[in-house]
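So the structure is just underneath, and the comments pick up after that.
The values are calculated or read from the model by the stated rules, or taken from the named source; none is laboratory data. Worth saying up front: this structure is predicted, and the values here are computed from it rather than measured. We place every Cβ from the backbone using ideal geometry, glycine too, and count neighbours over all the protein chains shown. Note: areas computed on protein heavy atoms with side chains; ligands, DNA, RNA excluded. Shrake-Rupley method; radii C 1.70, N 1.55, O 1.52, S 1.80 Å.
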Amino acid sequence: MKQWSFSNSITATSAHPGNPDIYLCGSKNTIYAVDQRRPQPFREYKGAFGQVQSILFLDESQFVSSGDVIARDCGEKAIMAWDFDSSAVMSNQIFLERYAVPCLRKHPSDHIFMAQTHGNYIALFSTRRPYKMNKHLRFEKHQVAGYNIGFDISPDGRTVASGSANGKVYFFNYSNGRVLRESSIFHAPLIQPCTDVKFHPVLPSHVAVSTWNGLIVILK
């Protein structure tokens with residue numbers, strides 16, 4: 001087992017899609033590239049983006065990250081695209097609304113990545129430059145309410161599931177954004193946020209749900 005030491009807490013990680021020895025580790029204003037075969041990080045990606053919320057590889061040569069620093073007039077650093085090899089910023093003009101982005105996910109078959117926002121909706125973006133946002137489709141009705149609420153996409157790409165601060169899990173039709181169903185994990189008055197969801201890779205009808213109070217629930 002490999003271990004590295006960093007000056008600040010690591011709040012997000014992502015494995016390289018083409019090399020299982022390489023990971024990205026996000027901290028405050030810095031993302032580190034580490035290799036299990038090396039004793040120290042071999043590359044750093046720096047910027048005034050605050051604490052890293054999520055990291056997502058789009059392919060082997062580029063990735064996107066989200067930070068918690070949002071400017072008063074726009075959220076230009078809410079999502080940033082990076083060149084993996086050169087550490088250059090490819091774009092910081094992807095998502096200009098004033099909402100933090102706690103979770104990023106890539107669609108399994110389309111050239112699309114998605115972002116959970118503190119505006120209580122999931123936005124869609126192209127994985128190709130200039131990473132244009134789809135202004136005609138988004139997934140909403142769930143509540144984020146300042147929590148780091150996660151979401152997932154089914155292996156066939158047809159369904160999007162999101163946790164919610166109101167103790168429910170919402171399932172959306174990927175093609176049109178409509179709510180397929182809501183599953184209540186908690187009931188009043190003992191409501192706890194559902195903080196993340198994950199589809200089973202082989203049995204997509206099974207979904208794991210994590211909650212604010214430390215439970216993991218399996219939905220079928």
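Does K132 count as among the basic types (K, R), open to solvent by 60 Å² or more (accessible area, probe 1.4 Å) and within 14 Å of the chain's Cα centre (by Cα)?
Working: among the basic types (K, R): yes; open to solvent by 60 Å² or more (accessible area, probe 1.4 Å): yes; within 14 Å of the chain's Cα centre (by Cα): no.
When the stated conditions are applied, K132 does not pass them.
What is the one condition in (1) open to solvent by 70 Å² or more (accessible area, probe 1.4 Å); (2) at pLDDT below 95 that R138 does not satisfy?
Status for R138: all satisfied but (2).
For the range 1-34, enumerate the residues that are closer than 14 Å to Q51 by Cβ, open to solvent by 70 Å² or more (accessible area, probe 1.4 Å) and in a loop (DSSP other than H, G, I, E, B).
Listed by number, the residues that qualify are S7, N8, S9.
When only residues in the range 180-199 that are of a type in the set (A, V, I, L, M) and in contact with a Phe, Trp or Tyr (Cβ under 9 Å, 6 or more places away or on another chain) count, which is surrounded by the most Cβ atoms within 10 Å (Cβ to Cβ)?
By that ranking, first place goes to V197.
Considering every residue within the range 104-113, establish whether at least one is in a loop (DSSP other than H, G, I, E, B), closer than 25 Å to A78 by Cβ, in contact (Cβ under 8 Å) with a residue 24 or more places away in the chain and touching a Phe, Trp or Tyr at 6+ places or on another chain (Cβ under 6 Å). Working first, answer last.
From the range 104-113, those in a loop (DSSP other than H, G, I, E, B) are 107-111; that's our starting set.
Now restrict to residues that are closer than 25 Å to A78 by Cβ: 107-108, 110-111.
Imposing the further condition that a residue be in contact (Cβ under 8 Å) with a residue 24 or more places away in the chain reduces the set to 107-108, 110.
The next check asks that each one be touching a Phe, Trp or Tyr at 6+ places or on another chain (Cβ under 6 Å); those that pass are none.
Taking every residue of the range 104-113 in turn, none turns out to be in a loop (DSSP other than H, G, I, E, B), closer than 25 Å to A78 by Cβ, in contact (Cβ under 8 Å) with a residue 24 or more places away in the chain and touching a Phe, Trp or Tyr at 6+ places or on another chain (Cβ under 6 Å).
Could you look through the range 141-178, keep only residues that are among the aliphatic types (A, V, I, L, M), under 16 Å from the mean Cα position of the chain (by Cα) and open to solvent by less than 10 Å² (accessible area, probe 1.4 Å), and pick out the one that is nearest to L219 (Cα to Cα)?
Taking the candidates together, the pick is A161.
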